[in-house]
Structure formats: structure tokens, C-alpha cells
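Here the structure is laid out as C-alpha cells; the discussion comes afterwards.
Rule-based calculations on the coordinates, nothing more; no lab input. Computed from a predicted model, the values in this text were never measured in an experiment. Virtual Cβ from ideal backbone geometry, glycine too; neighbours counted across all protein chains shown.
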């Protein structure tokens, strides 16, 4: 039994079956580690059970995504060392800047947002609300899945690195708050990594479990170190820096450090073109490899 546990919570949309999704997530993460921390890559390759995705998405959609749609983009990530000029042009295009502006307006004034947002964005907001408003008990069900995995890791004396992508970061944050203030758990997350997180948006913050609490009661007490990564052009992470919004956790000494990293490009390109929000692209980042690799060197 390993004493290091990496738990990954994905965001919205159907995902491949859990075993297949885990295989490809781990494939990308190992490539990032080999480029930055080869010793940690060797360890994780020898102990793949240490990487546990919490693939909750089937509970929402009742369907799986065909992984073959993702494979060309994954293969490209593994053979390309950085964004091409074509990638950068697409990521910095005026259309993407306009999309971000529209999302910012919609987050500030929801009445306008519902009318300005394209159909795909409205669909994602509706699906996020299924979690945020706990419709049909789905929010609580998803949190319970993660809570049980965290509690099992802590019972086994494991040190946890928790990675949340997109809405997965919100699920993780809510679950950690629940563990602190409802379950009264003493377990700790050594490092909490958020990727492309919407935790800074008004849309999400007003619906967190802690939204009506104040002071120390507003935050989880079980995060030792928080690292937030938001790629350029990721419109889900509308407020890319989270430290200014959650600095009270530092003031109250509930967390030792909150770090924001925003000056990098997620150059995943899928069947619909560039997607700076894609989880595979975040896992391929050298910075993520350094963070996970350094953590594994300490705790594996």
C-alpha cells in the first residue's frame, strides 16, 4: 500500500468509462512527469494505483464519451513540446476575446448573461446548476462519492494530493468544506490543485455550500497548500487568480499558502479546434509536472 494518493475530479460533460479515462489521464500525467521529474514518473509508473480519478459524470449523464474522439488531441500533446504559432493565433483570436467579454458580462449581470450566452454555454450553466442547486440530490450524491474516497485514504494513513478540474474543483471545495463543518473530519489535504476553476465567478460563489457563512465558517480548514492554475484564454476560469478572493483563508491561518499560476498556454486541440480548458492539456503542463513531481518526491 502506497502512502501517496493523487485524487483527480473531472469537470462537466460525459467522460470515457472510468478505467479507460484513468489510463489516458495517467498517460498524459506521466509524460509531464518524465519531462520534469523523471524519478517521480518512474515511481508513479510502478504504482499506478496511487492515481485515482473520481469519474462522477455517469451519474449526471447516464452515458460515456467515446475516448477515440480524444486520442488525436492526446497524441498531439505527447509529441508537441509547446503551442505552435497556429495554436497561439487561435488562443489569442478576437473571437476568443469576445467570448471572454461576453462571459464576464453574463457573470456580472446574469439577466443579460442568459440572453447573450451561446447555446453551448447555456447548456453548461444548466448542467452546473444541477450540481450547485442539488437537483434530485445529485450534488450531495457526487460529494459523497468523493468524501468516501478521501476518508478511506485518510483511514489508511495516506497523504493526499487533490486535483479538481473545472466544476470538479467546485465539487472538491464543497466536499472539503462539508468535511470540515458537517462531518467534523480531521483529515487534511496536503496539496489542493485547481485547474481551470470557476471558483472565482459570482455564478459559482453564490451557490457554494459555504455561501451564507462568514469568517472561518466560510472556508474549509483542511487544505495545507492550494495551487491554482488558469490557462490563458480559459473562459471557464473567468477570474483566473483565486488568491485575492480567498485570501481570508491565509489571514485566518486556515491554509499555509495559496498560489496562482496564469501565464501559460493550454494548447490541447480537439475535433472542434483549440480548447484551452481541456483537462488533458492542463495535465500536460510542465508546471503541473513539477508540482506533482515535487510532491511525490516528498511523500511517496
| Exposure proxy order (Cβ contacts within 10 Å, fewest to most) of 204, 235 | 235, 204
| When every alpha-carbon pair in region 234-300 is counted, what percent end up more than 21 Å apart? | 42
| query | Under a point spin-label approximation (7 Å from Cα along Cα-to-Cβ), what is the residue 224-residue 93 distance to one decimal in nm? | reply | 4.4
| query | Between residue 42 and residue 251, what is the label-to-label distance in nm when each label sits 7 Å out along the Cα-to-Cβ direction? | reply | 4.8
| message | Taking the number of other C-beta atoms within 10 Å as the exposure measure, put 249, 229, 125 in order starting with the fewest. | response | 125, 249, 229
| said: What distance in nm separates the two pseudo spin-label positions at residue 272 and residue 216, each 7 Å out from Cα along the beta-carbon direction? | reply: 4.5
| field | For peptides 45-51, 212-218, 175-181, sequence by mean Cβ density within 10 Å, most packed first | value | 175-181, 45-51, 212-218
| Using only Cα atoms, what is the ratio of the radius of gyration of region 159-300 to 2.2 N^0.38 Å? | 1.03
| field | When the convex hull of its Cα atoms is projected in every direction, mean area for region 178-261 (nm²) | value | 5.2
| remark: Summing -39500 (n - 2.57) over every DSSP H run of at least 4 in the chain, dividing by its residue total and rounding to the nearest 500, the 222 nm mean residue ellipticity is -14500 deg cm²/dmol
| note | Using the Kirkwood radius over Cα pairs of the chain, the Stokes-Einstein translational diffusion coefficient at 25 °C and 0.890 mPa s, in µm²/s and rounded to a whole number, is 126
| field | Zone of residue 3's modelled label, taken as backbone nitrogen in region 221-257 under 19 Å from a point 7 Å along Cα→Cβ | value | 224-225
| task | Neighbouring Cβ atoms within 10 Å as the yardstick, rank 15, 243, 133 fewest first. | result | 133, 243, 15
